[in-house]
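What follows is a single structure, written as C-alpha cells, with notes after it.
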Amino acid sequence: MSAAREMLCDTARAVFAEAATVGMAPIDNAGFGLLLVPEEQGGFGGDWGDVNAVLQISGVLVPGLPVAALIANASLQPAAAVSLMAGAMGHSLALSIEHVNTRQQFGRPLGKFQAVQQSLAVMACEVRAVEAAAAVLAARLDAVGLDPLAADFEIAAAKLRANRAVGVVTSVAHQVHGAIGFTREYDLSRVTIPLMRWRGEHGNDAYWAQILGRQVAGFGGRGLWEALTAR
Amino acid sequence: MQGFALYPFDPPGDIAALRAELRAWLAVNQPQGDIVARANCWASFDADFSRALGAAGYVGMTLPTRYGGGDRHPLERYVVIEELLAAGAPVGAHWIADRQTGPLILRYGSEEQRQRYLPGIAKGELFACIGLSEPGAGSDLAAVRTTARETAEGWRINGQKIWTTGAHFSHIMLALVRTEDGSERNAGLSQLLIDLDTPGITIRPIIDMAGHHDFNEVFFDDVLVPHGALVGTRGQGWQQVTAELGLERSGPERYLSSHALLAALIDAAGADPDPAVAALIGELTAELWTLRQLSMSTAAKLAAGEDPMVEASVVKELGNAFEQDMPRRVQAIVTSGWDDADDLARLLRALLIASPSFSLRGGTREVIRGIIARGLGLR
Ligand SMILES: Cc1cc2nc3c(=O)[nH]c(=O)nc-3n(C[C@H](O)[C@H](O)[C@H](O)COP(=O)(O)OP(=O)(O)OC[C@H]3O[C@@H](n4cnc5c(N)ncnc54)[C@H](O)[C@@H]3O)c2cc1C
C-alpha cells in the first residue's frame, strides 16, 4: 500500500472511531465526501483503490452510517458494497481467530482442535476471495475512469461472489464463537448483521446471477474465456 | 495470515500477441478428436502433441536458452498454460516435467543433470513423473520407506512408490527416498532422479474408476543408479520437495479442470438461456473470475521470489471445490441423460467420474486446509 493510502487509512480509522459514537459529523467534517473529487475541483483526487481501502474500514467501524453514499454515486453502490463486505469479512475472521486462540475447552484452546482449524480455513478462503474480488474490481474501475458500464462484468462478478461468501463467513464465525457470539455485547454481530443486510442490498444473488449469466450467454462458451482474458 | 494484497500480474512483452499466436497455433495443431479429452485435460496424454508444442516453443519456456529453454518470464509461461488448459489441449504427457521437474533440476540439479535432461524436457519429448506417495505414506509423506543406500558403484534403491501418474510413459522419476540409515520422519530424505529404464524397476498399471490407465505402482528391486542421480543436497529432500509442492498448488490447473463443461453449458444454453441456467452460468462465472485473479496474483508473487504457501493453498482449496462441484451443479439443472451422446452429456459424465480426484491429487483437501490453518496461526 502506498504511503498516501496508508495515511488515508490511519485518518479513516481515527475519524470513523469517533463517528461510531457521535454519527456522521466527523466524517463530513474530515471531507470524506471529497475523496473522489479531483484536486483541481478542491477534492482529494483519490481513486477507487482508496475508496476500497476506506470502505473496508467503515464496514467494520461504522457499518450503519452512510459513508458509501457520501463518497460514491448511486451507480457505484454495488461496487461500494463489495468493499464494505470485504472489510466486515476480514474483521469476522480476525475476531474468530482471536477467540479460538484464547477460549479454552477440554484443557486447550479451541484453535488446537482440527475440526475448528478446518472450519476456519474454509472461512479464510472465502474472505480472501472477496478481498481479491474487491481489489480487482477497484483496479478495473480505476482503469476505466470509474465508468460502471465499462466495469459491468466485474461489478456483477464481485458483488455476486461477495454475496455468496456471506453464508460461510457468518456461519463459521458464529459457530466457532459459541454462545458469546450470539450476545448483543460481543462485537461479532456488529459485523455479521451488516453482512446479512448487504447481501440483499444493491443486488441479491439472483439479481446478479441473472445479469452476469445472460451477459456470459451472449459471449458464448469460447467467448467467455476471450472476454475474461481481454479485460 | 495478513489480509490479502493483490500482486499485479504484469508479465513483460506483448501478452495479447502471445495469446493470439498461441490461439492461432492451437486452431491448427490441437487434435480434434474426442471432446471428452478436453475435460481434465492435464491428464490427457498425447506425446505427439507435446512434441509439437515443444517445437513451437511452448514447453520449458522459463528454462535458460543454453539448456534449450525459451528464457521467458514465469508469467509468460502462466499465460501459455492457462490458454492451453482453457482450450482443453492434451498437455498431460509433458505436464509434470514442464511444471516442476524441469524447474527443480534447474534449481537444485548438477550441471551434468541439467545438460542431460533439460533440453529433452524443453523439446516436449522427455517426460517425468513424481515419486512421492507410497503404500504407507500418503498424506503422511514423512513416512516414506523406500531406501537408497550409497555404495561404491552408486545408490542401491529398494522399495515401492504408488499412484505414480504417467510412470508408464515417463523417462524419469524424481523420487523422494530415505538415504540415511535409521533416520526418522522428514530427516534423512533425499531426492533422486531415476532413469526408468534402469534394470530392477517394475511398473504396474493401476486402472482408475474412469477405466483409464493414468497412475501406476512402481517397484524398486535392488536398483542401481549412479552417484550423480542425487538431486541437490543429501538429506535435504524434504525441504526440496516442499518447494516443489509450492510450484504445484496454485497454477491454473487447480481451477480449470472442468472448464470444458462450463463452455459446453454456455453453448448449449444459447444466447437467451432459461433463467435457472443463466443463474448457474452467472454463479460459476463469478467464481471463475475470482479464482483466476487469485491464481494470477499468487503466480505474480511466486515470480517475484516470494513464497506464498498460504495463498497457493487458498487457490487450490477454492479451485478444487469449484471444479469438483461444477459437474454436480450442472447435472442438477440440465436434462442430459447419463448415456446421451451429445457433448454436454459426455463431458458431464466424464467430469462427474473424474471429480473425486480433484481434491486428492497434489495434497488432499484436509491437508491443504491444515496448511491454511497454520498460516492463520492456529497450528
Ligand atoms: C489422480 C491422482 C494422481 C496422483 N498422482 C500422484 C503422483 O503422480 N505421484 C505421487 O507421488 N502421488 C500421486 N497421487 C497420490 C496423492 O498424492 C495421494 O492420494 C494423497 O497424498 C493422499 O494420500 P492417500 O491417497 O494415501 O490418502 P490418505 O493419506 O490415506 O488419506 C485418506 C483421507 O484421510 C484424510 N487424512 C489423512 N490424514 C489426515 C489427518 N492427519 N487429518 C485429517 N485428515 C486426514 C485425507 O485428507 C483423506 O481425505 C495421486 C493421487 C490421485 C488421486
**Fill in**
By the C-alpha gyration tensor axes a ≥ b ≥ c (rounded if a/c is under 1.5, else prolate when a/b exceeds b/c, else oblate), the shape of region B:1-145 is rounded
**Message:** Just to check I understand the Karplus step: with θ = phi - 60° and J = 6.51 cos²θ - 1.76 cosθ + 1.60, what whole-Hz values come out for region B:118-123, glycine and proline as x?
**Reply:** 5, x, x, 4, 5, 6
**Under the Karplus curve 6.51 cos²θ - 1.76 cosθ + 1.60, θ = phi - 60°, whole-Hz ³J(HN,Hα) for region B:373-379, x wherever Gly or Pro sits** = 4, 5, x, 7, x, 9, 10
**Using alpha-carbon coordinates, inclination of helix B:15-29 to the longest axis of chain B, degrees** = 90
**Message:** Given the options B:Ala187, B:Ser336, B:Ala229, identify the residue whose Cα lies farthest towards the positive end of the charge dipole of chain B (+1 on Cβ of Lys, Arg; -1 on Cβ of Asp, Glu).
**Reply:** B:Ala187
**Item:** Relative contact order %, chain B, counting alpha carbon pairs below 8 Å whose residues are six or more apart
**Value:** 16
**Prompt:** Of A:Val127, A:Val166, A:Val15, which has the largest mean-square fluctuation in a 10 Å C-alpha GNM of chain A?
**Reply:** A:Val15
**Request:** Would you please give the residues with an amide H less than 5 Å from that of B:Thr165, counting only those at least 5 places away or on a separate chain, with H modeled from the backbone geometry?
**Result:** B:Ile130, B:Asn216
**Request:** Could you compute the FRET efficiency for A:Lys112 and B:Ala243, with r as their C-beta to C-beta distance and R0 at 35 Å, rounded to 0.05?
**Result:** 0.80
**Message:** Show me the helices of chain A, taken as full DSSP H stretches, that run 24 Å or more along their long axis by Cα and average 0.5 or above in Kyte-Doolittle hydropathy.
**Reply:** A:3-22, A:77-102, A:114-143
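Using only alpha carbon pairs under 8 Å that are at least six residues apart, calculate the relative contact order of chain A and give it in whole percent.
Values: 279 pairs, mean separation 42.4, N = 231.
With pairs under 8 Å counted, the relative contact order is 18 percent.
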**Request:** Rounded to the nearest Å, what's the spacing between the alpha carbon centres of region A:85-128 and region B:21-78? Just the number, please.
**Result:** 42
**Item:** Centroid-to-centroid separation of region A:1-51 and region B:262-319 [C-alpha atoms, Å]
**Value:** 33
**Message:** Using Cβ contacts closer than 10 Å as the measure, can you line up A:Trp198, B:Trp25, A:Trp48 from fewest to most?
**Reply:** B:Trp25, A:Trp198, A:Trp48
**Prompt:** What are the GluC sites (Glu not before Pro) within region B:69-172 that DSSP puts in a loop, where the Cβ has at most 11 other Cβ atoms within 10 Å?
**Reply:** B:Glu153
**Message:** Tell me the angle of helix B:309-333 to the major Cα principal axis of chain B, expressed in degrees between 0 and 90 and rounded to the nearest ten.
**Reply:** 40
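Order of B:Thr335, B:Thr233 from fewest to most other C-beta atoms within 10 Å?
Ranked by crowding around the Cβ, least crowded first: B:Thr335, B:Thr233.
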**Message:** Defining a contact as two alpha carbons under 8 Å apart and six or more residues distant in sequence, what relative contact order in percent does region B:130-239 show?
**Reply:** 31
**Message:** Which of A:Ala162, A:Ala68, A:Ala139 ends up with the largest GNM mean-square fluctuation for chain A, with Cα atoms connected below 10 Å?
**Reply:** A:Ala139
**Message:** Please rank A:His177, B:His259, B:His213, fewest neighbouring Cβ atoms within 10 Å first, as an exposure proxy.
**Reply:** B:His213, A:His177, B:His259
**Message:** I'd like the orientation of helix B:237-249 relative to chain B: the angle between its Cα long axis and the longest Cα principal axis, in ° from 0 to 90, rounded to 10.
**Reply:** 10
**Request:** State the Cα centre-to-centre distance between region B:140-193 and region B:198-230 in whole Å.
**Result:** 12
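Only the coordinates and a few stated rules stand behind these numbers; no lab work does. Note that the structure is a prediction, hence the values are computed from the model and not measured. Methodologically, a virtual Cβ is constructed for each residue, glycine included, from the backbone with ideal geometry; neighbour enumeration extends over all protein chains shown.
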